[in-house]
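Asker: Here's a structure for you.
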């Protein structure tokens, strides 16, 4: 019953197998190995983007920060949601990698950026007046930090505002597989066909040990990104172990299969919570994360039984006090555990 | 016959086994797993440093840059050798992570810093005068970037100069295992008992997939390092895959066994080169790297036979033109390949 | 009828006189002249702070940014009002000088930070958790960016919240003279006796050519500030021309006299606007800035007659459309011009 | 007898007069005043560069650092002489403003960069290889930090090497007036006609209170420079006091007249030293700085008589020990003082 994070589950056995297979003989370091070339080609295929610049790194924060730094001048501001991972959970990595850019927070009910709020924030950011910071990239997250997923129309209304203002758009896709599965659209549709210029294509939260791909649909950013990656200490010498993971991830759509499994578990949790009169969903789950609340006593029961999840409030109140919780399912969550958890809090 | 780099060989099978074993069930992310605690404890034992702050990262450049940034103010200068990896091969990572510190280059015959040159550079760097940058940390590399190893006396004369000036000392130990084996001294002797304050304890070049440990003998630096690591995108969520590697590395002294194997191969190469009248050692190899020169024709013969190594000069000259080469042995280099290579250039 | 900014009026003749007087013979550069020593001593007297570290710079933005950078680590966030000059009008200078700190915006009705909002923002900023930025300094502005002035109780409630959280407090005092005159309190009361640790003591907007003093009540920050000032290109070689201005500013309380004059003009404007049925004050003016609105036709009449001020809205609407305006009085504003302006918009 | 620095002499009376004249009524701030427009036009005339982007700042270090940051990416290295002001005397300002670029030191006998050494340093800096920093701008200083001046041929050989490598060239012209007078060439000849792309056009050391102009011959750099200047806290609000100084400086060639006077004094000093059997010139003075050595006893005699200059060595030795000295003449140095100084050390 582990619903604490999709960062804490195991890697998929096929990924481990690929690592072992990759561990044969010598391979050129720093991404000069054939496996990396193959992975780049495969990602271009997946995204229907034959020109894209594609690079592997080891963490989601570095992928976001390096991509944003490549798109953003130090004197610009990045438009992000007020619950964005880049704002809340990266200890200022975007500010560090950009050389001191600002982050402008946009309202995001249910974790999804409000177009009117974005439009207002962009308009309020002077352009061409030297006193204030200048408009920089828009960054969006899907699956959002509240477990919701942008519909294509919603997404395009946001990227449209950015495009009208001449701003590049980055997508934090730490859970992009879960979003794709939730929406049932293609990677190209969710990204460049919807106005996205760069993607942090996550793998770590979906069954890898630790690999993300930075994708720029316009390859003009390639060399700058390479320099920033190296200078940031994010160019891995034994690069084959990154490419091997990513190759296994994409082979036979393992990534989508894992995401489907995670989403299914979350949907079952959500369904059970809806049927539970004492519980309430805080946001409508659309992928593999469930934000909800249920009584303190149920939190304790579940915890006592060994369930791991994130209680987002005070557990010292009365038994019937509603306490919010975050439940995250990874690819390996079993139906049994899901049912058992629902029973415990039921 | 792969002598291009110790970055390009395979990981040790025991390390792969440990990865597989670590891939069971759930584990708390971001280094909150028991395996990380165990690794920290083990490294403290190895270094006889029960108070040391120990952190894992994925690359050598990040380990160096984060450690130096923790020891160095932005307005200071780092004293390093003129062939140091931090100067030559990290694309300005120290400058980036420190917020713009300077690097002051010190003469380093055979890759080893000259004490008189260090003393002069420190003296020439004004302290307490606002116009110039201030004195910052000393960083040393052993095994050096020329394949040589500091003797303890040499090392202590350098750290003594730093200590007299009140400066902290960092050791780039990307190949520290090879240095320890070469010197036959203890980790404590080579580090804190010799005046070293922080170590980049390398594993990647010696049989791991990609893990290094930053060690601070004074734990006062712990929290700042943690923040810098996170902010730099170098805190791995699925941290168990780093700790598992490092645990296997240290278990039963596998790390020293691998280093011994690498050094032995290099020693055999060096011996063969000494016996070859047409070849010459450029620096006396003391670990697992051999800098040498031999005729252009021998370069071509070896290459044609499939040997991989770094020819550091023009291969378009006459057959008997001496061309420098760098030969690096990793743990997996076989005696057969070594002999075959020597035959080829003989 | 110049109410555009207190940046655009002339310097006081006594200040010009002091400049001429300072232009005799040779003087040691970089602040090593006796006049700088005298100014430092005088500022310590004025603030009843005999230990304070005091430094002169040429612009308000540099004073703020250098002071904040001295108080703030790169991985921290600065708490400021959502209309703060450091947020709105310095093109990211605080982010640049701190090495990428964040700014957390606090609600500020009428330009004055709301204690509950500050308390909530501080509480929402995790401390000791590595994922988010850490709590950093609080910065307050008085006279605020809306022409209002913190009462001592209000100010102390804010600094108290910071102190309870262990955070240093900076005061952007670009118009501190106007605030002091408005409140009729002493510099010490408004600053260190109210929990302020560092002050940007402005002179430029109040009759100088361009000098501000950074004051740290705890001198431990002295050397770091000196290095940051030099490294930021803000250490003036011919420093005597800065100290001469500041000396004249403080001599015989010229600074307070000028502030009184400016405040008086603003009070007259405010009174006239209150008596004008077609006009409305947007914030209650408490120093030398008046935020108000009056009909578009009156804007045009005043402008046609040569009045200069900042119309903060659309001047293309109907004649009776209310349009906001910012009116700023400097020391040199004449009663005649004030009356004439009121007549024009009456 | 003040030969300590051209930073410590008075401003020219005509400059003070211009300041007083500028102090009439109101003027738009931040360089939007007509006087700034006039100064920009005048500088374009002086440099025969009608398209140049021209900006005023208050210090030489900020002018250099902002100009270099505009020309240099964070992952590049700046080629400068090993005695350059940017390397020795700006406390890391270039590193700070560029976001952590490196400085690569080039040999500079007599303060003038050696073309062969530059060529070798450029060649040794890999381009297009991600591991090392990339080639960035060349910066030269004339008058050099040893009192020498580049002849046009020498200058062009250096800029030619940069051009061949596609690198921009910056000129630190803190004493450019003295160089122009020494060479008797036009500003255009010394700069863009000799391959210079950007100039720090100094005024502070030659009779101003504190103004330098950054000049970019290609105006594409204009907006970035403006943002960097603002963000660096170097955009002066009461900008008219900067433009007034610069206007007076250029009117009727006052700047050249002052430089001529300073150079003449230095030439007289040099002549006297040549005729003094006990003294020796260390570099052949070509402008307003004299590097020389004379006996310790003469140092003491001069100091006792009130002379101010920089003794660059130990004054505790025997009377006849040669001790180096730096003597700098500003525009106001009198013939009497020069003769008196020569007598004292004679």
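Asker: Quick check on my filter: what residues within the stretch D:234-267 are closer than 30 Å to residue C:88 by Cα and touching a strand residue (DSSP E or B) at 6+ places or on another chain (Cβ under 8 Å)?
Answerer: Hits for the stretch D:234-267 are D:234, D:236, D:239, D:242, D:243.
Asker: Among the listed residues B:342, B:300, B:273, identify the single one that is free of Cβ contacts under 8 Å to residues at least 60 places away in the same chain, over 24 Å from the mean Cα position of the chain (by Cα) and part of a helix (DSSP H, G or I). Explain how you work it out, then say what you get.
Answerer: Working: B:342 fails: free of Cβ contacts under 8 Å to residues at least 60 places away in the same chain; B:273 fails: free of Cβ contacts under 8 Å to residues at least 60 places away in the same chain.
Exactly one residue qualifies, and that residue is B:300.
Asker: Identify the residue in the stretch D:1-22 that is in a loop (DSSP other than H, G, I, E, B) and facing chain C (nearest Cβ under 7 Å) and, among all such residues, is surrounded by the most Cβ atoms within 10 Å (Cβ to Cβ). Don't jump to the end; show me each part of the working.
Answerer: Narrowing the stretch D:1-22 to residues in a loop (DSSP other than H, G, I, E, B): D:1, D:3-12.
If we keep only those that are facing chain C (nearest Cβ under 7 Å) too, we end up with D:5, D:7-11.
Working: D:5: 21, D:7: 21, D:8: 24, D:9: 26, D:10: 20, D:11: 28.
The extreme case among them is D:11.
Asker: Here's something else I'd like to know. Could you please find all residues in the stretch C:70-85 being outside any loop (DSSP other than H, G, I, E, B), within 14 Å of chain D (Cβ to nearest Cβ) and surrounded by 24 or more Cβ atoms within 10 Å (Cβ to Cβ)? Break it down stepwise before answering.
Answerer: As a first pass, look at the stretch C:70-85 and keep what is outside any loop (DSSP other than H, G, I, E, B): C:70-71, C:76-81, C:85.
Going one step further and asking which of them are within 14 Å of chain D (Cβ to nearest Cβ), we end up with C:70, C:85.
Result: C:70, single match.
Asker: Going by what's in this entry, would residue B:273 be described as modelled with pLDDT of 95 or more, surrounded by fewer than 19 Cβ atoms within 10 Å (Cβ to Cβ) and in contact with a helix residue (DSSP H, G or I) (Cβ under 9 Å, 6 or more places away or on another chain)? Let's see the steps before the verdict.
Answerer: Values: modelled with pLDDT of 95 or more: yes; surrounded by fewer than 19 Cβ atoms within 10 Å (Cβ to Cβ): no; in contact with a helix residue (DSSP H, G or I) (Cβ under 9 Å, 6 or more places away or on another chain): yes.
It is false that residue B:273 is modelled with pLDDT of 95 or more, surrounded by fewer than 19 Cβ atoms within 10 Å (Cβ to Cβ) and in contact with a helix residue (DSSP H, G or I) (Cβ under 9 Å, 6 or more places away or on another chain).
Asker: Still on this structure, I have one more. Check whether at least one residue in the stretch D:100-115 is within 11 Å of chain B (Cβ to nearest Cβ), surrounded by fewer than 21 Cβ atoms within 10 Å (Cβ to Cβ) and free of Cβ contacts under 8 Å to residues at least 12 places away in the same chain, and report yes or no.
Answerer: no
Asker: Checking residue B:284 against (1) out of contact with any strand residue (DSSP E or B) (no Cβ under 7 Å at 6 or more places or on another chain); (2) surrounded by 16 or more Cβ atoms within 10 Å (Cβ to Cβ); (3) modelled with pLDDT of 95 or more, only one condition comes out false. Which one?
Answerer: (2)
Asker: Counting only residues that are more than 11 Å from chain C (Cβ to nearest Cβ) and in a helix (DSSP H, G or I), how many does the stretch D:205-241 have?
Answerer: Going through the stretch D:205-241, the residues more than 11 Å from chain C (Cβ to nearest Cβ) turn out to be D:206, D:213-225.
Checking the rest, the ones that are also in a helix (DSSP H, G or I) come to D:206, D:219-225.
Of the residues in the stretch D:205-241, 8 are more than 11 Å from chain C (Cβ to nearest Cβ) and in a helix (DSSP H, G or I).
Asker: Within the stretch C:38-55, is even one residue crowded, with 23+ Cβ neighbours inside 10 Å, within 13 Å of another protein chain (Cβ to nearest Cβ) and part of a helix (DSSP H, G or I)?
Answerer: no
Asker: With the structure loaded, tell me whether residue A:333 is within 21 Å of the chain's Cα centre (by Cα) and buried (at least 20 other Cβ atoms within 10 Å of the Cβ) or whether it fails that test.
Answerer: Numbers: within 21 Å of the chain's Cα centre (by Cα): yes; buried (at least 20 other Cβ atoms within 10 Å of the Cβ): yes.
Answer is yes for this residue.
Asker: Looking at the stretch B:44-53, which of its residues are touching a residue at least 12 places away in the same chain (Cβ under 8 Å) and over 17 Å from the mean Cα position of the chain (by Cα)? Steps first, please.
Answerer: Here is the first cut: in the stretch B:44-53, the ones touching a residue at least 12 places away in the same chain (Cβ under 8 Å) are B:46-49, B:51-53.
Of everything in the stretch B:44-53, those that are touching a residue at least 12 places away in the same chain (Cβ under 8 Å) and over 17 Å from the mean Cα position of the chain (by Cα) turn out to be B:46, B:48, B:49, B:51, B:52, B:53.
Asker: Among C:30, C:26, which is the only one that is part of a loop (DSSP other than H, G, I, E, B), touching a residue at least 12 places away in the same chain (Cβ under 8 Å) and within 9 Å of chain D (Cβ to nearest Cβ)? So that I can check it myself, show each step before the final result.
Answerer: Details: C:26 fails: touching a residue at least 12 places away in the same chain (Cβ under 8 Å).
Unique residue meeting the criteria: C:30.
Asker: Kindly indicate whether any position in the stretch A:245-261 is surrounded by 22 or more Cβ atoms within 10 Å (Cβ to Cβ), at positive phi and outside the structural domain of residue A:338 (by TED's automatic domain parsing).
Answerer: Taking every residue of the stretch A:245-261 in turn, none turns out to be surrounded by 22 or more Cβ atoms within 10 Å (Cβ to Cβ), at positive phi and outside the structural domain of residue A:338 (by TED's automatic domain parsing).
Asker: Now, a different point. Would you check which residues across the stretch C:151-177 are over 22 Å from residue C:68 (Cβ atoms) and part of a helix (DSSP H, G or I) and list them?
Answerer: Initial filter on the stretch C:151-177 (over 22 Å from residue C:68 (Cβ atoms)): C:151-153.
Selection gives C:152, C:153.
Asker: Looking only at residues in the stretch C:303-313 that are over 12 Å from residue C:341 (Cα atoms) and more than 20 Å from the chain's Cα centre (by Cα), which one is surrounded by the fewest Cβ atoms within 10 Å (Cβ to Cβ)? Please lay out each step first, then the result.
Answerer: Quick first cut of the stretch C:303-313, residues over 12 Å from residue C:341 (Cα atoms) only: C:310-313.
Narrowing the set further to residues that are more than 20 Å from the chain's Cα centre (by Cα) leaves C:311-313.
Details: C:311: 17, C:312: 12, C:313: 14.
Per the criteria, the residue is C:312.
The values are calculated or read from the model by the stated rules, or taken from the named source; none is laboratory data. Predicted model only: the values in this text are computed from it and were never measured. Note that we place each Cβ from the backbone using ideal geometry, even for glycine, and neighbour counts take in every protein chain shown.
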